[in-house]
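Here's the structure, in structure tokens; my notes come after.
The values are calculated or read from the model by the stated rules, or taken from the named source; none is laboratory data. Quantities reported herein were computed from a predicted structural model and do not represent experimental measurements. When we count neighbours, we look across all protein chains shown, and the Cβ atoms used for this are built from the backbone with ideal geometry, even at glycine. Heads up: the accessible areas ignore ligands, DNA and RNA and are worked out on the full protein's heavy atoms, side chains in. Shrake-Rupley method; radii C 1.70, N 1.55, O 1.52, S 1.80 Å.
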Amino acid sequence: MATRKAPAVRKVAIVGGNRIPFARSNGPYSRASNQDMFTAALDGLVSRFSLQGEVIGEVAAGAVLKHSKDFNLARESVLGSKLSPATAASDVQMACGTGLQAVINVAHKIALGEIDSAIAGGVDTTSDAPLAVNANLRQILVQLNAAKTLADRLKLVAKLRPGHIVPEIPRNAEPRTGLSMGEHAALTAQVWDVTREAQDELAATSHRNLAAAYDRGFFDDLVTPYLKLARDQNLRPDSSVEKLAKLKPVYGGPDGTMTAGNSTPLTDGASTVLLATEQWAKAHNLPVLAYLTFSQTAAVDYVHGDEGLLMAPAYAVPRMLERAGLTLQDFDFYEIHEAFASQVLATLKAWEDPAFAKEKLGLDAPLGSIDRAKLNVNGSSLAAGHPFAATGGRIVATLAKLLNEKGSGRGLISICAAGGQGVTAILEK
Ligand SMILES: CC(=O)SCCNC(=O)CCNC(=O)[C@H](O)C(C)(C)COP(=O)(O)OP(=O)(O)OC[C@H]1O[C@@H](n2cnc3c(N)ncnc32)[C@H](O)[C@@H]1OP(=O)(O)O
């Protein structure tokens, strides 16, 4: 008789990451597809960690904007990569939280013993956005494809009208409110009284920090140069508060505080992260940079309630801290995705606010302030750019490496996502 084995939760190690430099939309990667970019990031990881021909437990990845031919983009990318074709792969979708959610999905499988190694990541391009034919034309084309006789086909062709050629263009907007991410963030900035000066300061710091990280070689081993781009194209080392102050508002009307400089740009790019058990990493002679120890998602009702669209991390983080037995101050690094400078600042203000703590979180006291010197120390999305699903992988790889450099410590990851969702995690060394 077989002996039943008790399930054991195993530690999930972050081995390292790889990404291609991020490019501005309609720039150097405009002819590259999601599959091209993700495969490039994947193959960079494969060669970095000598995984050629290896069967990895699972590859999980996603893109926020996906063509219909990419129904399983992760699997197609694996088949185009140097990994063994016997590597299973799944697509993940959680808007801008996709990359981190992919990390969490495979981490759970490693923890539960289903797999010993995994690659998670994400990719996005707004240059090659999935334009679709409109619903009327779609219906005619589908029926045309199924029509059995020439007469049936001609009848359907006769239904075609000039208006049918108008394509459906994906909008960077919430389907239920019609407002763009930026317009939603501008409403939240008003509620939390986030000033233009504070936003520009955060943006300038992001550029300064990312430039310093490149200069000290922090990204030398992470980045695979791609299509002649060696650094994130959006990075402006000379970006200053004075220059940022001159930009016109793009959201929130003429008196708005949000500009092209304190909002993320539309970006193309891909990122990957290798996760494994400690034993697998050791057997492959690979390092353990850090461990993923906690994760949490949350969602807010931004449609009917008074919640800001991008405020879900303000809820996910306290729930995660409670489960982990930690306070907001117990961290050496904070990686808060800079969708917009105003969104980061509104989240920090919410955590400091006694009324938010009491009324929204049901807590006696607010979470409190963080040491801003520990925030996005190597820059974040305002400087690097934000290829939606690729941001999570960039952040996890960056934080794991920071913790490894330090030799010990703990980092908090917080990512807001469209649809009123938030994905958060804790990495520890
Ligand atoms: C959950 C989430 O993550 S939600 C977030 C999702 N992301 C988004 O929604 C992306 C939103 N971003 C956008 O749609 C666009 O980038 C916009 C609307 C903000 C700006 O678009 P554009 O106007 O095309 O930006 P563009 O790059 O041309 O910049 C406008 C000007 O600002 C200047 N500028 C931009 N950044 C900086 C900077 N850091 N320092 C100095 N100047 C800057 C540019 O040089 C340009 O100047 P010019 O007009 O003299 O050439």
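Here the helices (runs of 4 or more DSSP H) wholly within segment 103-209 that include at least 1 residues being of a type in the set (Lys, Arg) and open to solvent by 90 Å² or more (accessible area, probe 1.4 Å) are 135-146, 150-157.
Condition first: open to solvent by less than 10 Å² (accessible area, probe 1.4 Å) and either farther than 18 Å from Gly99 by Cα or assigned to a loop (DSSP other than H, G, I, E, B) (or both). Now tell me which residues in segment 262-282 satisfy that.
Matches in segment 262-282: Asn262, Ser263, Thr277, Ala281.
Can you name the residue in segment 344-368 that is without any contact (Cβ under 8 Å) to a residue 40 or more places away in the chain and assigned to a loop (DSSP other than H, G, I, E, B) and, of all such residues, is farthest from the chain's Cα centre (by Cα)?
Asp364
Per the conditions (1) closer than 24 Å to Asn26 by Cα; (2) surrounded by fewer than 16 Cβ atoms within 10 Å (Cβ to Cβ); (3) within 16 Å of the ligand (Cβ to nearest atom), the sole criterion not satisfied by Arg231 is (2).
In this structure, Thr267 qualifies as polar (S, T, N, Q), within 15 Å of the ligand (Cβ to nearest atom) and touching a residue at least 24 places away in the same chain (Cβ under 8 Å). Just one residue in the set Pro162, Pro170, Pro225 is away from the ligand (no atom under 14 Å from the Cβ) and within 21 Å of the chain's Cα centre (by Cα); that residue is Pro225.
Of all residue pairs spaced 6 or more apart or on separate chains, those with beta-carbon atoms under 6 Å, a first member in segment 72-101 that is acidic (Asp, Glu) and a second member that is open to solvent by less than 10 Å² (accessible area, probe 1.4 Å) and not in a helix (DSSP H, G or I) are Asp91/Gly62. Here Phe219 fulfils each of the conditions (1) within 15 Å of the ligand (Cβ to nearest atom); (2) surrounded by 19 or more Cβ atoms within 10 Å (Cβ to Cβ) apart from (1).
A search for C-beta distances below 8 Å between a residue of segment 181-205 that is under 13 Å from Thr347 (Cα atoms) and any residue that is within 13 Å of the ligand (Cβ to nearest atom) and open to solvent by 50 Å² or more (accessible area, probe 1.4 Å), counting only pairs 6+ apart in sequence or on different chains, returns Ala185/Tyr251.
Going residue by residue through segment 191-203, is there one that turns out to be within 16 Å of the ligand (Cβ to nearest atom) and within 23 Å of Gly393 (Cα to Cα)? So far as segment 191-203 goes, yes, one or more of its residues are within 16 Å of the ligand (Cβ to nearest atom) and within 23 Å of Gly393 (Cα to Cα). Look at segment 116-127: where a residue is farther than 20 Å from Gly57 by Cβ and a partner is open to solvent by 10 Å² or more (accessible area, probe 1.4 Å) and assigned to a strand (DSSP E or B), sitting 6+ places away or on another chain with Cβ atoms under 8 Å, you get Thr126/Leu266.
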